[in-house]
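Just below is one structure, and these are the notes that go with it.
The values are calculated or read from the model by the stated rules, or taken from the named source; none is laboratory data. All figures in this text were calculated on a predicted structure; none of them were measured in a lab. FYI the Cβ positions are ideal-geometry reconstructions off the backbone, even for glycines, and counts take in every protein chain you see. Just so you know, the surface numbers come from the protein's heavy atoms only, side chains and all, with ligands and any DNA or RNA stripped out. Shrake-Rupley method; radii C 1.70, N 1.55, O 1.52, S 1.80 Å.
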Amino acid sequence: LYERKFGARAPAIVEAMTATFAEMGETYSIGGNVGDTFDSHRLLAYAESLDDDYATQNALVEELFKDYFTREKCVSDRDVLLAAAQAVGLQDAAKVLDDPTAFADTVEDQKRAFAGRHQIRGVPYFIIDGKYHLSGAQPPDILAEAIEEAIGVA
């Protein structure tokens, strides 16, 4: 999959990601299945709706990233989504997943708004404080620098 998407750059990308994850004490692994992540995005939109500081959404996305990038789990699998929701204390995740319309409009609106406005063509894509834009996987120091600059620490 990565070779098809990134061509000759794939080995260097995997090597960099492996090193970055190791620095965080994690083992990077790309052996998991890939599927339609729309339901994971619906759960993330639901989590976003619960608090103003994005704490629940941030915890959920962290858990889903670990599921995919370190545990080789498929983040389109219902059981994986429910386990991630439970791990971060997200209540009523099953209700959201059982209703295919729940937060679907929110996700579609976000896709249109962000992809069109920022010409997003791939993931991950970071928008920090509405001002700083980073496309693709970034080393932790680059992300930290952008966050520090956004909050006025740099």
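Taking the inverse of the average 1/r across all pairs of different Cα atoms in the chain, what Kirkwood radius in Å do you get?
Numbers: mean 1/r = 0.0591 Å⁻¹.
Every distinct Cα pair counted, the radius reaches 16.9 Å.
For the range 52-141, what percent of Cα pairs sit more than 20 Å apart?
Working: 1897 of 4005 pairs.
Percentage above 20 Å: 47.
Please get the size of the charge dipole for the chain, origin at its Cα centre, with Cβ charges of +1 on Lys and Arg and -1 on Asp and Glu, quoted in debye to the nearest 20. Can you show the working numbers first?
Numbers: 14 positive and 27 negative charges, 140 e Å.
Here the size comes out at about 680 debye.
In deg cm²/dmol and to the nearest 500, what is the mean residue ellipticity at 222 nm of the chain if only DSSP H runs of at least 4 residues count, each as -39500 (n - 2.57), divided by the residue total? The partial results should precede the final answer.
Details: 8 runs with 87 residues, N = 154.
Result for the chain: -17000 deg cm²/dmol, rounded to the nearest 500.
Report the extension gain between residue 79 and residue 138 in nm, rounded to one decimal, defined as 0.36 nm multiplied by the number of residues separating them, less their alpha carbon distance. Let's see the in-between values first.
Working: separation 59, 0.36 × 59 = 21.24 nm, distance 2.94 nm.
Taking residue 79 through residue 138 to full extension adds about 18.3 nm, to one decimal.
Which sequence of 34, 96 reflects their accessible areas, 1.4 Å probe, from the largest down?
Ranked list, largest accessible area first: 34, 96.
Skip the ligands, DNA and RNA, and give the accessible area per residue of the chain with a 1.4 Å probe, whole Å². Before the final figure, lay out the partial values.
Numbers: 9780 Å² over 154 residues.
Result: 64 Å² per residue.
Measure up 5/73; 66/95; 5/131 against 25 Å on the Cα-Cα distance and list the ones that go over.
Working: 5/73 20 Å; 66/95 23 Å; 5/131 28 Å.
Long pairs (Cα-Cα over 25 Å): 5/131.
So how far, in whole Å, is the C-alpha centre of the range 1-62 from the one of the range 81-154?
Measuring centre to centre over Cα atoms gives 11 Å.
So what's the range 1-49 giving for Cα Rg divided by 2.2 N^0.38 Å, two decimals? Write out the running numbers ahead of the final one.
Values: Rg = 14.4 Å, N = 49, 2.2 N^0.38 = 9.7 Å.
Working it through for the range 1-49, the quotient is 1.49.
Using a 1.4 angstrom probe on heavy atoms only, work out the carbon and sulfur share of the accessible area of the chain in %. Walk me through the numbers before you get to the answer.
On the way: 5090 of 9780 Å².
Heavy-atom surface of the chain belonging to carbon and sulfur, 1.4 Å probe: 52 percent.
Find which of 69, 144, 59 sits farthest along the positive direction of the dipole of the chain, computed with +1 on the beta-carbon of Lys and Arg, -1 on that of Asp and Glu, about the Cα centre.
69
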